[in-house]
Ligand code: ADP
Ligand code: MG
């Protein structure tokens, strides 16, 4: 039958046997070396973060964090106790970014962010006075590729995910934010510019010295890790006294001929805001997972009678089916797949499906989500391989801290990721590797790095 052919074909094209994943991991490790070798040496940019010391737990004082990622941004305030007392108190607020600001002008976007930040500060400090006369210090998590020359400045290389604000490309995003804050009359100094992967690394390292990498699986995907300063040939200038440097990989732009790219992925890429770019991200992150499944369901509907006579408007709308919907259907454990029935009806206007059809939809979700998780695990194996921590050289405990909505909320994804990583490393080496969820690493990580870079230390 036509529908079974579509599914069988998908299964075959999305297959990720261990041999393929090992090739992907090896390619990732090679690209990492090439990116460190020289500027432009790889599609994986391996950007210097200028974070050469990570928080230790001894930081003290009041710090702010601002996290701009994909759909929301978060502002937060932490009081650090110092001497391993860690975080004494924290307050945070999440604000949705109005979609029109994602493709407007730089000053509109930063103006909006600064005004929300000013409101948060005003609400938080109502009744209290900042008596010490110090400027407030902020760590800014900005999760787009930025080329840095110092820890508190950086020019935007390009937008990714759903953002596309032409006049911000090539500008220093810290200067943009600082100007917008001044206009709001907000007395705050940006002490560090990082991204969510670096933030996750810092946030997790604050509590656990063995953390070697921070990885995001959210709207997009990225990874950061601690590299030996003398293993970065492209570095010009003096090496930091710590002997270390956090590398912002920007691995979303990774590509290898081993990646299982299907007709659905190709069409998605062609019609995207950034064709030909961020191929690994398009295969492994939350923004695209639902969209890939939508494309498969559309083909299924056009090539077979499986959904009956339906109006295709919703099913043809790009990004209408979102990853949280896929997750809900995939985790449906009711005997007659009630959730799947509801989602198909509510979101895609596909009503009156048979149980067989609903099972097929779940299978499609499973095929696509497993591919995402297994390719994600191959990326992690690539980092461990580069560090010699895949069991080949260094047998110390190594922790990978992961954050992002996909990892946090999609348990079949996170379980499959861990199982696959163990499969790739083997039983013996897996004992030394810990994958853990770093809750809100990115927001707090920025505040922690601001603290370790503070001008008042
Ligand atoms: P960002 O990457 O924008 O900083 P998050 O890390 O919070 O944001 O991740 C948000 C992404 O996580 C969403 O775009 C979505 O793809 C995914 N996500 C959110 N909730 C769920 C869910 N319940 N199941 C699966 N994926 C989810
Ligand atoms: Mg985020």
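Here segment 424-447 is the region considered, the condition is being within 19 Å of the chain's Cα centre (by Cα) and part of a helix (DSSP H, G or I), and the residue that is nearest to ligand 2 (Cβ to nearest atom) is 442. Here segment 53-73 is the region considered, the condition is being assigned to a strand (DSSP E or B) and farther than 23 Å from residue 134 by Cα, and the residue that is nearest to ligand 1 (Cβ to nearest atom) is 72. Here the condition is being within 30 Å of residue 240 (Cβ to Cβ), part of a helix (DSSP H, G or I), without any contact (Cβ under 8 Å) to a residue 40 or more places away in the chain and away from ligand 1 (no atom under 16 Å from the Cβ); of 34, 29, it holds for 34 alone. Evaluate segment 386-403: report whether one residue or more is under 22 Å from the mean Cα position of the chain (by Cα), within 22 Å of residue 19 (Cα to Cα) and at pLDDT 95 or above. The answer is yes, given that some residue of segment 386-403 is under 22 Å from the mean Cα position of the chain (by Cα), within 22 Å of residue 19 (Cα to Cα) and at pLDDT 95 or above. Applying a threshold of 6 Å to beta carbon distances and a minimum spacing of six or more residues, or different chains, the list of pairs starting in segment 285-312 at a residue that is outside any helix (DSSP H, G or I) and ending at one that is within 16 Å of ligand 1 (Cβ to nearest atom) reads 285/220; 285/221.
Here's the yes/no breakdown for (1) surrounded by fewer than 21 Cβ atoms within 10 Å (Cβ to Cβ); (2) closer than 21 Å to residue 151 by Cβ; (3) modelled with pLDDT of 95 or more:
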residue: 167; (1), (2), (3): yes, no, yes
residue: 175; (1), (2), (3): yes, yes, yes
residue: 187; (1), (2), (3): yes, yes, no
residue: 195; (1), (2), (3): no, yes, no
residue: 200; (1), (2), (3): no, yes, yes
residue: 213; (1), (2), (3): no, yes, yes
residue: 216; (1), (2), (3): no, yes, yes
residue: 224; (1), (2), (3): no, yes, yes
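Among the residues of segment 387-423, those that are surrounded by 23 or more Cβ atoms within 10 Å (Cβ to Cβ) and assigned to a helix (DSSP H, G or I) comprise 406, 407, 413, 417, 421.
The values are calculated or read from the model by the stated rules, or taken from the named source; none is laboratory data. What you see is a predicted model; the values in this text were computed from it and never measured. Note: ideal-geometry Cβ built from the backbone for every residue, glycine included; neighbour counts use all protein chains shown.
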